[in-house]
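Inspection log for the structure reproduced underneath, given as structure tokens.
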Amino acid sequence: MVALWCIIGLILSAVSVSILGAAFSVVGLAALFSGAAFAVMLMAGALELSKFVLAAYLHQRWQSLNIFFKTYLVSSVVILSAITSLGIFGFLSDAYQSASTALTAEAIKVNSLKTQQASARAEIDRLNRAVDEIPATRVSKRIETRKEIEPAVAALTKQIENYQIQITQSDLHVIELNKKVGPLVYIAKVFNIEIDLVVKYLIMLFVSVFDPLAICLVIATSEALDSRKRGGKPKDESESEPVSTGDNAEVVEMRFVDDKEAVG
């Protein structure tokens with residue numbers, strides 16, 4: 001007989017893994033088909049529920065189902081499991097792509113700010129060279145030109161400072177984003193492979209375990225509950241218990257009387 005604590009553990013594990021896997025799959029499928037997200041979520045939710053019910057039903061009624069119906073139901077469970085795995089893959093990859101896209105956007109923003117900052121500095125250098133090119137003998141002209149470019153130089157200097165502030169903010173944002181993908185970056189460096197390959201392999205590991213484990217837990221829970229109901233006896237033994245008949249009782253009684261007379 002399966003212990004009660006084991007049955008409770010199986011039920012909790014089956015429910016938690018099944019619900020989480022279904023939720024990830026539904027959200028992932030909605031992300032893949034964002035044009036009809038609500039309809040896809042309803043459809044995926046119904047399919048997820050039917051998959052686990054079918055798995056439990058197949059386990060309970062396996063011997064009594066005909067080959068064609070059995071084949072169709074098994075095929076349906078396998079296909080639904082593949083759909084769930086696709087949804088989980090979409091959910092996890094979308095989570096990674098969100099952080100990766102944000103990092104790419106920040107990098108583009110920083111490069112653009114640095115380019116504008118370099119252009120402002122180049123413009124300041126050009127204005128200063130324009131003053132320096134004036135002959136030293138024309139002091140008044142130099143002073144006049146310097147006064148003319150001072151507002152432009154001040155404005156460009158202010159722009160450079162603003163650009164630097166934005167660059168610093170973007171760098172801090174990049175540090176925050178790196179916290180989300182930092183472990184993946186570290187793993188990629190350790191194994192000397194691209195981070196996209198690391199993400200792909202990790203997601204494939206999750207996908208290969210998540211939904212098959214949920215189905216196995218549902219079947220194991222069904223089997224444990226059935227075993228508990230039978231009192232730990234094998235299924236064949238519990239279904240065919242020997243029953244004594246009246247004829248056997250009379251034969252035993254006759255043998256007992258004959259033995260008593262023989263002794264007397």
- Provide the descending list of Cα extents for segment 191-231 along its principal axes, expressed in whole angstroms. 56, 15, 7
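Rounded, prolate or oblate: pick one for segment 1-69, where a ≥ b ≥ c are the square roots of the eigenvalues of its C-alpha gyration tensor, a/c under 1.5 means rounded, and failing that, prolate if a/b is larger than b/c, else oblate. Don't skip to the end; give the middle numbers.
Numbers: a/c = 4.74, a/b = 1.47, b/c = 3.21.
It is oblate, given that a/c is not under 1.5 and a/b is not larger than b/c.
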- Most to least accessible of Thr137, Thr157 (protein chains only, probe 1.4 Å): Thr137, Thr157
- Protection proxy ranking of 142-151, 216-225 - average other beta-carbon atoms within 10 Å, highest first: 216-225, 142-151
- Item | Solvent-accessible heavy-atom area per residue, rounded to whole Å², over the chain at 1.4 Å | 67 Å²
- Accessible area (Å², 1.4 Å probe, nearest 10) - Val185: 50 Å²
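Checking the a/c ratio against 1.5 first, then a/b against b/c, what shape does the Cα gyration tensor give for segment 40-88? Write out the running numbers ahead of the final one.
Values: a/c = 2.76, a/b = 2.14, b/c = 1.29.
Verdict is prolate for segment 40-88.
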- Signed unit charges on C-beta, dipole axis of the chain, positive-most listed residue Ser140, Ala154, Cys216: Ser140
- Projected onto their principal axes, the Cα atoms of segment 46-195 stretch, largest extent first, over whole-Å spans of 111, 34, 21
- Query: Can you give the Kirkwood hydrodynamic radius of segment 114-188 from its Cα pairs, in Å with one decimal?
  - Reply: 15.2 Å
- Query: Based on Cβ point charges of +1 for Lys and Arg and -1 for Asp and Glu, what charge dipole magnitude is obtained for segment 1-122 about its Cα centre, in debye rounded to the nearest 20?
  - Reply: 160 debye
- Note on the structure: Answer in debye to the nearest 20: the dipole magnitude of the chain about its Cα centre, from +1 Lys/Arg and -1 Asp/Glu charges placed on Cβ, is 1840 debye
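Output needed for the chain: three equivalent-ellipsoid semi-axes, defined as square roots of 5 times the C-alpha gyration tensor eigenvalues, in descending order, whole Å. Please report the intermediate quantities before stating the final value.
Working: eigenvalues 1359, 68, 33 Å².
In descending order the semi-axes read 82, 18, 13 Å.
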- FRET efficiency for Leu103 and Phe191, using Cβ-Cβ distance with R0 set to 25 Å, rounded to 0.05: 0.80
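Counting only helical runs of four or more DSSP H residues, what would the 222 nm mean residue ellipticity of the chain come to if each run contributes -39,500 (n - 2.57) and the total is spread over all its residues?
Details: 7 runs with 232 residues, N = 264.
Using -39500 (n - 2.57) per qualifying helix, the result is -32000 deg cm²/dmol.
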- Label-point separation, Glu150 to Asn128 (7 Å along Cα→Cβ), nm: 1.7 nm
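To the nearest 20 debye, what is the magnitude of the charge dipole of segment 103-187 about its Cα centre, counting +1 on the Cβ of each Lys and Arg and -1 on the Cβ of each Asp and Glu?
Numbers: 13 positive and 11 negative charges, 21 e Å.
Result for segment 103-187 is approximately 100 debye, rounded to the nearest 20.
Take the residue pairs Lys109/Lys200; Lys51/Lys180; Lys158/Lys189; Lys70/Lys229 and return only those whose Cα atoms are more than 31 Å apart. Please list the in-between numbers first.
Numbers: Lys109/Lys200 27 Å; Lys51/Lys180 33 Å; Lys158/Lys189 40 Å; Lys70/Lys229 25 Å.
Going by Cα-Cα distance, Lys51/Lys180; Lys158/Lys189 fall outside the 31 Å limit.
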- Task: Report, to the nearest whole %, how much of the accessible area of the chain belongs to carbon and sulfur atoms, 1.4 Å probe, protein only.
- Result: 65 percent
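The values are calculated or read from the model by the stated rules, or taken from the named source; none is laboratory data. Fair warning: this is a prediction, and the values are worked out from it, not measured in the lab. In this analysis, Cβ positions are derived from the backbone assuming ideal geometry, glycine residues included, and neighbour counts consider all displayed protein chains. What goes into the accessible areas is simple: the full protein's heavy atoms, side chains included, and nothing from ligands, DNA or RNA. Shrake-Rupley method; radii C 1.70, N 1.55, O 1.52, S 1.80 Å.
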